[in-house]
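For reference, the structure is listed below as structure tokens.
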Amino acid sequence: MKKILAFSFAVCVTTALAACGSSFSSSDYRYVAIGASDAVGIGAIPPSKGYVFLIEDELDRSCGDTELNNLGIPGVEADEIENVEVPAANALSPDLITIFVGGNDIVGGRSPEVFRNDLRDILMTLRDETSADIYIGNLPDLTQLPRFQDDPDPAVTSERVAAFNAVIAEEAAAVGAILVDVMSAGFTEAEVSQDGFHPSNEGHDLLADLFLAQIVPQFCGEPAPTSENAAA
């Protein structure tokens with residue numbers, strides 16, 4: 001199912017890019033979001049309250065008119081992101097890229113070594129083929145999410161989460177991407193949606209705040225907001 005979804009998405013992206021050719025909007029900045037279901041806004045009600053859309057809203061306020069291209073695909077793992085989302089991102093000539101990846105790889109039982117190879121290719125390609133500032137989040141402790149507290153999964157262990165986060169930190173540093181420390185923030189029960197896995201509205205607020213705390217001072221040159229004062 002994931003492969004079919006990824007293929008369908010690739011066709012849509014290719015069609016859209018062909019339709020617009022080399023004509024882009026006159027926005028000040030082009031923001032591309034790479035990831036899986038979290039990027040799409042799953043868990044938020046409505047999904048437009050997802051962290052990617054909250055980031056776009058704050059960029060509009062703090063940086064200038066921002067065009068969002070959300071390439072997130074529910075359920076994808078790093079190899080699918082490399083094959084589908086990264087080529088689409090390159091074609092969009094972004095100024096800013098956010099990446100949140102690895103959760104599905106852990107749940108799917110992929111090894112940290114295989115994940116490293118895919119993530120390295122993702123980051124190196126984006127570095128070499130775009131001039132974008134790249135911000136990548138590490139993973140929260142998946143073992144503490146209600147889904148895995150209620151039904152433990154042998155593929156989801158603290159050791160594997162730590163190994164994946166080490167990969168993310170090392171590969172981000174190798175290409176000069178900025179690491180967003182989601183792990184240290186933790187997620188409370190209120191910040192997890194009813195499915196026990198995806199962020200709730202409060203969780204998406206937290207993710208947006210964590211990314212914006214890095215993005216706004218460095219990319220926009222302004223003090224970073226929080227979701228509360230951003231909405232004021």
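The values are calculated or read from the model by the stated rules, or taken from the named source; none is laboratory data. Computed from a predicted structure; not experimentally measured. Note that we place each Cβ from the backbone using ideal geometry, even for glycine, and neighbour counts take in every protein chain shown.
Scan segment 49-78 for residues that are in a helix (DSSP H, G or I) and acidic (Asp, Glu) and report the count. It would help to see each step written out before you state the result.
Filtering segment 49-78 for residues in a helix (DSSP H, G or I) gives 49, 51-62, 78.
Right, trim to acidic (Asp, Glu) and you get 56-58, 60.
Of the residues in segment 49-78, 4 are in a helix (DSSP H, G or I) and acidic (Asp, Glu).
Of the conditions (1) more than 19 Å from PRO112 (Cβ to Cβ); (2) among the hydrophobic types (A, V, I, L, M, F, W, C); (3) in contact (Cβ under 8 Å) with a residue 40 or more places away in the chain, ALA190 fails just one. Which one is it?
(3)
Going by the conditions given, is ARG30 touching a residue at least 24 places away in the same chain (Cβ under 8 Å), assigned to a helix (DSSP H, G or I) and not hydrophobic (A, V, I, L, M, F, W, C)?
On the way: touching a residue at least 24 places away in the same chain (Cβ under 8 Å): yes; assigned to a helix (DSSP H, G or I): no; not hydrophobic (A, V, I, L, M, F, W, C): yes.
It is false that ARG30 is touching a residue at least 24 places away in the same chain (Cβ under 8 Å), assigned to a helix (DSSP H, G or I) and not hydrophobic (A, V, I, L, M, F, W, C).
May I ask you to list the residues in segment 20-50 that are over 22 Å from GLY102 (Cα atoms), surrounded by 12 or more Cβ atoms within 10 Å (Cβ to Cβ) and either modelled with pLDDT under 95 or of a type in the set (Asp, Glu) (or both)?
PHE24, SER27, ASP28
Tally time: how many residues in segment 161-182 are touching a strand residue (DSSP E or B) at 6+ places or on another chain (Cβ under 9 Å) and assigned to a helix (DSSP H, G or I)?
Matching residues across segment 161-182 total 7.
Looking only at segment 186-216, count how many residues are part of a helix (DSSP H, G or I) and modelled with pLDDT of 95 or more. Walk me through how you get there before you give the answer.
Looking only at segment 186-216, we keep the residues that are part of a helix (DSSP H, G or I), and these are 189-191, 201-216.
Okay, now just the ones that are also modelled with pLDDT of 95 or more, so 190-191, 201-216.
Final tally of qualifying residues: 18.
Exactly one of these conditions fails for SER93: (1) part of a strand (DSSP E or B); (2) in contact (Cβ under 8 Å) with a residue 60 or more places away in the chain. Give me its number.
SER93 satisfies all of (1) part of a strand (DSSP E or B); (2) in contact (Cβ under 8 Å) with a residue 60 or more places away in the chain except (1).
List pairs: first residue in segment 112-123 and without any contact (Cβ under 8 Å) to a residue 12 or more places away in the chain, second residue outside any helix (DSSP H, G or I) and crowded, with 23+ Cβ neighbours inside 10 Å anywhere in the structure, Cβ distance under 7 angstrom, at least six positions apart or on different chains.
As it stands, the answer is none, since no pair meets every condition given.
Hey, can you tell me all the residues within segment 134-158 that are outside any loop (DSSP other than H, G, I, E, B) and surrounded by fewer than 19 Cβ atoms within 10 Å (Cβ to Cβ)? Spell out how you get there, then give the answer.
First pass over segment 134-158, keeping only residues outside any loop (DSSP other than H, G, I, E, B): 134-137, 142-144, 146-150, 158.
THR143, GLN144, PRO146, ARG147, PHE148, GLN149, ASP150, SER158, listed by residue number.
If you check ASP153, ASP121, ASP141, which single one turns out to be of a type outside the set (A, V, I, L, M, F, W, C) and under 23 Å from GLY176 (Cβ atoms)? It would help to see each step written out before you state the result.
Values: ASP153 fails: under 23 Å from GLY176 (Cβ atoms); ASP141 fails: under 23 Å from GLY176 (Cβ atoms).
Going through ASP153, ASP121, ASP141 in turn, just one is of a type outside the set (A, V, I, L, M, F, W, C) and under 23 Å from GLY176 (Cβ atoms): ASP121.
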